[in-house]
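One structure is given below, encoded as structure tokens.
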Amino acid sequence: MFSLSYYDKIYIFSLYPRVIMAKIWQFEDIVPGWIEKIASRVDSKPDGYALVGLLHDGGTDLSGLVFDELLKLGYSLPVGRLDARASLPDDDYSIVEQPSSIDYQVDGTHIIMVQDVFTDGKISRAGFNRIFSYWRPGSIELACLVEDDKVPRAFPIKPDYSALSPGIEGYVFSVNLDKRRVVAEEHIGQII
């Protein structure tokens, strides 16, 4: 199904009538290479880039993590947060939006939109739509911690920078910023 490397751990919990398999990746194993990819791009135009953390229902805002890691490398980029739920095509208007805050000049700026888990592209597309409805950036690039490449795409969007693209099918990915890890869970059987 998938191969294990030295930093992978598998936990199997047998709870009748379901079995949960979890695969865990620690941030220190996957984030440094991801940040280096982003930094090499920012290095070409250090004054023209900014970060936007993409907020959505259940998502984790990783823009602060990316900002801190880039700052360690000597790059200080403006950071904003954007709630994209209002631009989702199947929007539930009963959901209260989180406050968005972009306190810098966006027109002409090269935006790196940061997302936790990229699946079918709907949330990324909503973020693009939300940005373009208010501003005209020079470009938008997508950086995601996890790219779930086994989910069929709803839109022809692919992340420019991804830290982890495990290629395992049937798993649900979550990012735990407090414990600094990514968890992939597979639910087997029925839950009664």
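Can you say whether G167 is touching a Phe, Trp or Tyr at 6+ places or on another chain (Cβ under 8 Å), assigned to a loop (DSSP other than H, G, I, E, B) and not aliphatic (A, V, I, L, M), as far as the supplied structure shows?
Numbers: touching a Phe, Trp or Tyr at 6+ places or on another chain (Cβ under 8 Å): yes; assigned to a loop (DSSP other than H, G, I, E, B): yes; not aliphatic (A, V, I, L, M): yes.
So G167 passes the test.
Spot the failing condition for S76; the list is (1) over 21 Å from V31 (Cα atoms); (2) modelled with pLDDT of 80 or more; (3) surrounded by fewer than 18 Cβ atoms within 10 Å (Cβ to Cβ), and only one is missed.
For S76, the exception is condition (1).
Out of the residues in region 123-149 that are charged (D, E, K, R) and surrounded by 18 or more Cβ atoms within 10 Å (Cβ to Cβ), state the one that is farthest from V52 (Cα to Cα).
Going residue by residue through region 123-149, those that are charged (D, E, K, R) are 125, 130, 136, 141, 147-149.
If we keep only those that are surrounded by 18 or more Cβ atoms within 10 Å (Cβ to Cβ) as well, we get 125, 130, 147-148.
Details: R125: 14, R130: 12, E147: 18, D148: 21 Å.
Across region 123-149, the extreme among qualifying residues is D148.
The values are calculated or read from the model by the stated rules, or taken from the named source; none is laboratory data. Source: prediction; values computed, not measured. Heads up, the Cβs are rebuilt from the backbone with ideal geometry, glycines too, and the neighbour counts pull from every protein chain shown.
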